[in-house]
Amino acid sequence: REKPDDNMESPFTHNSIATGSDFLSRKKDVCRLVSLISDGRHAVIYEPPRTGKHSLISMAMSKLTANPGYMFLNANLLNIIDASDFISWMEHISSTSSGRRTVVCIEEFQNILRLENWERLIHMMETELKKDSSPVFILSGSGVNAMKYIFEEKKMFYRLFERVCLSPIDEKSVSDHIIKTFLRVGRVVEPEHTEYIYNIADGHPWYIWQLANSCFNLTKGYLNKSLIDEAVDSLLYTHGLRYQEITEGLSRYQLYLLRAVFDGVTKVSSSEVISQYRLNSSANVHRLKEALTKKEVIVFDSNDVPRIIDPIFKLWLEKHFFKSNQ
């Protein structure tokens with residue numbers, strides 16, 4: 001096998017937001033977000049980690065910066081650990097606001113649940129949002145289940161926010177981008193191999209570009225399946241400790257339910273599933289569902305069908321965890 005050129009910098013960016021030609025598809029999502037902001041409406045975005053929320057918001061902001069009337073403020077609730085800090089920040093926003101042309105972006109909004117009297121804090125925000133002078137708010141969160149709890153179960157901010165869902169990045173856009181990028185330095189990738197990368201990552205952009213990076217660095221000639229598999233092994237090794245910590249943090253019964261979801265079970269509360277996976281009772285299944293969703297390991301769709309949120313975690317389970325238990 002040809003050795004990679006160690007001096008060649010990998011062209012696939014996965015450690016920063018996607019801009020310019022690196023921002024693939026989702027043009028309709030950008031237009032929708034821009035339209036909401038322009039109309040003075042509030043938006044909420046909750047999707048799994050590293051799926052492109054920040055890139056989408058950044059692209060929308062870049063389109064709006066052409067209008068000098070907009071002012072943008074950013075915050076991240078990741079480092080807000082006390083309710084008084086949040087209140088002080090909201091008061092600062094109120095004093096800085098210059099009307100609906102002020103756009104406030106709050107990342108990791110689900111972390112408000114960690115604050116004391118979080119419902120009171122949200123009611124305080126609701127009061128602010130109903131003012132004519134309120135800025136436009138964009139709330140984003142990577143804790144999908146926690147955000148669903150706030151906006152769908154508790155119905156906080158009722159009708160004040162419109163959800164913007166991230167469209168899947170289509171396989172053709174990914175394929176064209178990888179092929180063109182490799183060709184710039186004389187390297188060749190076949191569409192079947194880009195499709196293979198896309199499917200392994202289940203369309204998850206962060207993982208796609210990590211795999212593309214590894215593949216780029218593994219060859220300076222033709223990419224083949226064995227090199228992609230080597231890149232996959234490297235990806236699993238990179239994230240393996242994190243995945244191991246997830247499984248070590250689960251109880252035996254939580255692992256039983258996780259195995260059922262991994263196996264593709266759609267009705268986890270059925271008597272057959274409870275018996276097959278040793279889940280004891282429907283009441284116990286309910287508790288297990290709450291535990292695994294709170295830990296952001298699985299998510300249930302509108303039909304109560306579960307899936308594992310992280311596609312590479314699912315692959316790690318297949319290759320390194322449940323494999324040994326079969």
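Pairing each residue of the range 168-179 that is in contact (Cβ under 8 Å) with a residue 24 or more places away in the chain with any residue that is open to solvent by less than 60 Å² (accessible area, probe 1.4 Å) and among the small types (Gly, Ala, Ser), provided the two are 6+ apart or on different chains, yields C-beta distances under 7 Å for Pro168/Gly203; Ile169/Ser25; Ile169/Gly203; Asp170/Ser25; Ser173/Ser25; Ile178/Ala212.
Look at Glu126 and say whether it is part of a helix (DSSP H, G or I), within 22 Å of the chain's Cα centre (by Cα) and not hydrophobic (A, V, I, L, M, F, W, C).
Details: part of a helix (DSSP H, G or I): yes; within 22 Å of the chain's Cα centre (by Cα): no; not hydrophobic (A, V, I, L, M, F, W, C): yes.
No.
Counting just the residues of the range 49-59 that are in contact with a helix residue (DSSP H, G or I) (Cβ under 6 Å, 6 or more places away or on another chain) and at negative phi, which one comes out surrounded by the most Cβ atoms within 10 Å (Cβ to Cβ)? Checking each candidate, the answer is Leu56. Go through the range 144-170 residue by residue and tally those that are outside any helix (DSSP H, G or I) and surrounded by 21 or more Cβ atoms within 10 Å (Cβ to Cβ). Going through the range 144-170 one residue at a time, the tally reaches 2.
Considering only residues that are among the basic types (Lys, Arg) and touching a residue at least 60 places away in the same chain (Cβ under 8 Å), which ones fall in the range 180-214?
Arg184
Reported count of residues in the range 171-192, each being open to solvent by 30 Å² or more (accessible area, probe 1.4 Å), part of a loop (DSSP other than H, G, I, E, B) and either farther than 30 Å from Gly221 by Cα or not β-branched (Val, Ile, Thr) (or both), is 3. Annotation note: of Ser84, Ser133, Ser95, Ser88, the sole residue that is assigned to a loop (DSSP other than H, G, I, E, B), over 22 Å from the mean Cα position of the chain (by Cα) and not β-branched (Val, Ile, Thr) is Ser133. Can you find, within the range 286-303, the residue that is nearest to Leu255 (Cα to Cα) among those that are open to solvent by less than 70 Å² (accessible area, probe 1.4 Å) and free of Cβ contacts under 8 Å to residues at least 40 places away in the same chain? For the range 286-303, the residue satisfying everything is Leu288.
Considering only residues that are under 25 Å from Tyr149 (Cβ atoms) and touching a residue at least 24 places away in the same chain (Cβ under 8 Å), look in the range 86-97 and name the one that is surrounded by the fewest Cβ atoms within 10 Å (Cβ to Cβ). Per the stated criteria, the residue is Ile87. Going by the structure shown, is Arg252 within 30 Å of Leu218 (Cβ to Cβ), of a type in the set (Lys, Arg) and at pLDDT 95 or above? Judged against the criteria, Arg252 is not a match. In the range 57-85, the residues that are over 15 Å from Ala43 (Cβ atoms) never reach a residue that is open to solvent by 60 Å² or more (accessible area, probe 1.4 Å) and hydroxyl-bearing (Ser, Thr, Tyr) with C-beta atoms less than 6 angstrom apart, at least six apart or across chains.
If the condition is being in contact with a helix residue (DSSP H, G or I) (Cβ under 8 Å, 6 or more places away or on another chain) and not in a helix (DSSP H, G or I), then the range 223-261 contributes Leu223, Asn224, Leu250, Ser251.
For beta carbons closer than 9 Å, sequence separation of 6+ or different chains, a first residue in the range 226-245 that is of a type in the set (S, T, N, Q) and a second that is assigned to a helix (DSSP H, G or I) and open to solvent by less than 10 Å² (accessible area, probe 1.4 Å), the qualifying pairs are Ser234/Leu211. When we screen Ile228, Ile200, Ile179 for residues that are closer than 23 Å to Gly52 by Cβ, touching a Ser or Thr at 6+ places or on another chain (Cβ under 8 Å) and among the β-branched types (Val, Ile, Thr), the only hit is Ile179. Restricting attention to the range 127-153 and to residues that are at pLDDT 95 or above and among the charged types (D, E, K, R), the residue that is nearest to Arg50 (Cα to Cα) turns out to be Lys148.
Taking the criterion of being within 14 Å of Val305 (Cβ to Cβ), open to solvent by 40 Å² or more (accessible area, probe 1.4 Å) and either touching a residue at least 60 places away in the same chain (Cβ under 8 Å) or of a type in the set (Lys, Arg) (or both), the only residue of the range 251-275 that qualifies is Lys267. Scoring Ala283 on the criteria (1) surrounded by fewer than 15 Cβ atoms within 10 Å (Cβ to Cβ); (2) assigned to a loop (DSSP other than H, G, I, E, B) leaves a single failure, condition (2).
The values are calculated or read from the model by the stated rules, or taken from the named source; none is laboratory data. Note that the structure is predicted; figures quoted are calculated from it, not measured. Positions of Cβ are backbone-derived with ideal geometry, glycine not excepted, and every protein chain shown enters the neighbour counts. Ligands, DNA and RNA are excluded from the accessible area calculation, which covers all protein heavy atoms including side chains. Shrake-Rupley method; radii C 1.70, N 1.55, O 1.52, S 1.80 Å.
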